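Engineer: My questions will all concern the structure given below.
Laboratory data are not the source of any read-out in this text; all were calculated from the coordinates shown. In this text the structure is predicted, and so the values were computed from the model without any measurement. When we count neighbours, we look across all protein chains shown, and the Cβ atoms used for this are built from the backbone with ideal geometry, even at glycine.
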């Protein structure tokens, strides 16, 4: 079941929901990633994980984060052992994004935890966490909406738009994403 959206307070459509301190932290993070990580080759993944930890990411074990991954707010990121985040994946994590053990978020995938309340003239920011279960595979250029989860061992086909939860152990695809069939083969651990 999708997680309900949290509405952030904004005085107008042109004001930010973030405090000055939060905006400064996000700017420091953006510069730090560009200066310390974006240029690093793949074998320097432990260095990138260290930098993510410095900025508050919760990391369990040894996940892999590609150097060209875009992470909006690292302190809203949870990565489990052997999770993989691919080339140019975009983690727009205004709310928490959790990627389970051995799960793969492929290249150019967009996990978006934020939207707006279009019924309010101030268009306040709304956010909800995204969860990717263990051993799941989120294929290239998939877009995952706020509050959605991809179940353990599920496969989401390329260029799908996830507008509702994907249950465990299925193959799902399309726009909007829907279950195509049960996943039939075992997952190696």
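Engineer: Could you identify which residue out of 12, 160, 139 has the top mean-square fluctuation in a GNM of the chain using Cα springs shorter than 10 Å?
Structural biologist: In this elastic network of the chain, the residue with the biggest mean-square fluctuation among 12, 160, 139 is 12.
Engineer: Say R0 is 45 Å: what FRET efficiency, to the nearest 0.05, do residue 24 and residue 184 get from their beta-carbon distance?
Structural biologist: 0.35
Engineer: Now for a different question. Hey, what did the chain get for relative contact order, percent, Cα under 8 Å, at least 6 apart?
Structural biologist: Value for the chain: 16 percent.
Engineer: Using alpha-carbon positions, what is the distance between the centroids of the range 129-189 and the range 28-62, in Å?
Structural biologist: 26 Å
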